[in-house]
Amino acid sequence: MTAVEVDASVAGPEDAPVVVLANSLGAARGMWDPQVPALAERYRVVTYDMRGHGASPAPAGPYALDDLVDDLVALLDRLGAGRAHVAGLSLGGMVGLRLAAREPARVHRLAVLCTSAKTEPQGFLDRAAAVRANGTAPIAPAVVSRWLTPPYAAEHPDLVARLEAMIAGCDDEGYAACAEVVAGIDLRGDLGRITAPTLVISGADDQALPPAHQQAIAERIAGAELRSVTPAAHLANLERTLEVTDGLLAHFDGSAR
């Protein structure tokens with residue numbers, strides 16, 4: 001499949017090293033809003049909507065993970081970025097892992113959050129079928145309930161509403177096709193080939209992709225650092241904003257401990 005021209009935003013100095021932030025299944029690039037200002041002080045920060053999400057096109061499926069990687073490579077080429085730091089959460093982390101294994105010259109340092117190298121497929125296949133039947137809006141409350149811990153969600157109803165609107169705003173077929181990508185991934189054979197210094201961040205309360213998934217990734221990437229944040233569910237970057245932002249900055253600066 002031909003790469004699609006994904007919609008992106010760029011912040012920070014034009015001559016600075018590039019950091020790309022890749023979104024999770026169902027979220028748009030706005031999920032990274034808490035991280036962008038601090039990162040943009042010293043990096044050229046690129047956030048984008050994966051195909052089928054936000055303002056990006058949603059070509060007819062099925063999609064393969066490599067299609068999503070090709071979209072990111074095309075975006076980097078469009079921006080004139082031969083090499084970038086890459087951070088991705090959930091589906092975005094899967095894209096980052098595959099890019100780092102497939103095209104190591106393109107990834108300087110890698111950070112993956114709340115992601116997996118091998119999922120339990122049935123739940124994602126069921127979700128794809130539900131979305132094709134009834135659209136994304138009906139699943140939004142259940143999905144967002146796994147994105148934030150219940151106490152945090154109760155304290156931030158505006159954020160819950162915004163996240164549910166992100167999911168409802170996804171193209172139905174685009175979301176379903178991306179859910180099938182998540183169902184079908186098996187990156188376990190790729191992990192040993194990743195040479196980029198890698199930070200793996202785990203949400204201690206993540207019900208969607210529990211910490212064992214991130215532990216398995218860290219164990220298979222030479223030299224990877226595993227960090228747990230708590231309390232945090234699937235979108236750990238929203239619930240533990242300061243810790244995640246500081247962790248990304250330290251890692252991309254090359255001073256992660």
Next item on the list: Sticking with the crude label model, points 7 Å out along Cα→Cβ, report the distance from residue 133 to residue 15 in nm, one decimal please.
Entry: 5.8 nm
Item checked: Difference of contour (0.36 nm per residue) and Cα-Cα distance, residue 212 to residue 64 -> 50.8 nm
Check: Which percent, nearest 5, of DSSP beta bridges in the chain are antiparallel?
Finding: 20 percent
Notebook entry, point to check: How many percent of the accessible area of the chain is carbon or sulfur, using a 1.4 Å probe?
Noted result: 52 percent
Next item on the list: Tell me which label goes with the value of Kirkwood radius over Cα pairs in Å computed from the coordinates here: (i) 19.7; (ii) 17.7; (iii) 18.6.
Entry: (ii)
Check: How large is ³J(HN,Hα), in whole Hz, for each residue of the stretch 214-228 in order, when computed from phi with the Karplus curve 6.51 cos²θ - 1.76 cosθ + 1.60 and θ = phi - 60°, using x for Gly and Pro?
Finding: 6, 4, 5, 5, 4, 5, 9, 9, 4, x, 5, 9, 10, 10, 10
Checklist line | MRE, 222 nm, helices only [DSSP H, n ≥ 4, -39500 (n - 2.57), over the chain, to nearest 500] | finding: -13000 deg cm²/dmol
Next item on the list: Please work out the Cα center distance from the stretch 191-247 to the stretch 99-161, rounded to the nearest Å.
Entry: 14 Å
Note to self: Rounded to the nearest 20 debye, what is the charge dipole size of the chain about its Cα centre when +1 sits on each Lys and Arg Cβ and -1 on each Asp and Glu Cβ?
What the structure shows: 580 debye
Next item on the list: Can you check what the net charge comes to around residue 87, using other residues whose Cβ is under 15 Å from the Cβ of residue 87 (Lys, Arg +1; Asp, Glu -1)?
Entry: +4
Notebook entry, point to check: Using modelled amide H (1.01 Å from N, peptide plane; none on Pro or chain starts), what sits under 5 Å from the amide H of residue 45, excluding residues fewer than 5 places away?
Noted result: 11, 12, 19
Check: In nm, to one decimal, how far is the modelled label at residue 103 from the one at residue 162, with both set 7 Å along Cα→Cβ?
Finding: 3.1 nm
Check: Residue by residue through the stretch 159-165, which ³J(HN,Hα) values in whole Hz follow from phi under the Karplus form 6.51 cos²θ - 1.76 cosθ + 1.60 (θ = phi - 60°), with glycine and proline marked x?
Finding: 5, 4, 5, 5, 5, 4, 5
Notebook entry, point to check: Lys/Arg Cβ at +1, Asp/Glu Cβ at -1, dipole of the stretch 1-160 taken about the Cα centre: which of 90, 9, 26 is farthest positive-ward?
Noted result: 90
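The values are calculated or read from the model by the stated rules, or taken from the named source; none is laboratory data. Everything numeric here is computed off the predicted structure, so don't read it as measured data. Cβ atoms come from the backbone with ideal geometry, glycine included; neighbour counts cover every protein chain shown. Each accessible area value is taken on the protein alone, full model and side chains, heavy atoms only, with ligands, DNA and RNA left out. Shrake-Rupley method; radii C 1.70, N 1.55, O 1.52, S 1.80 Å.
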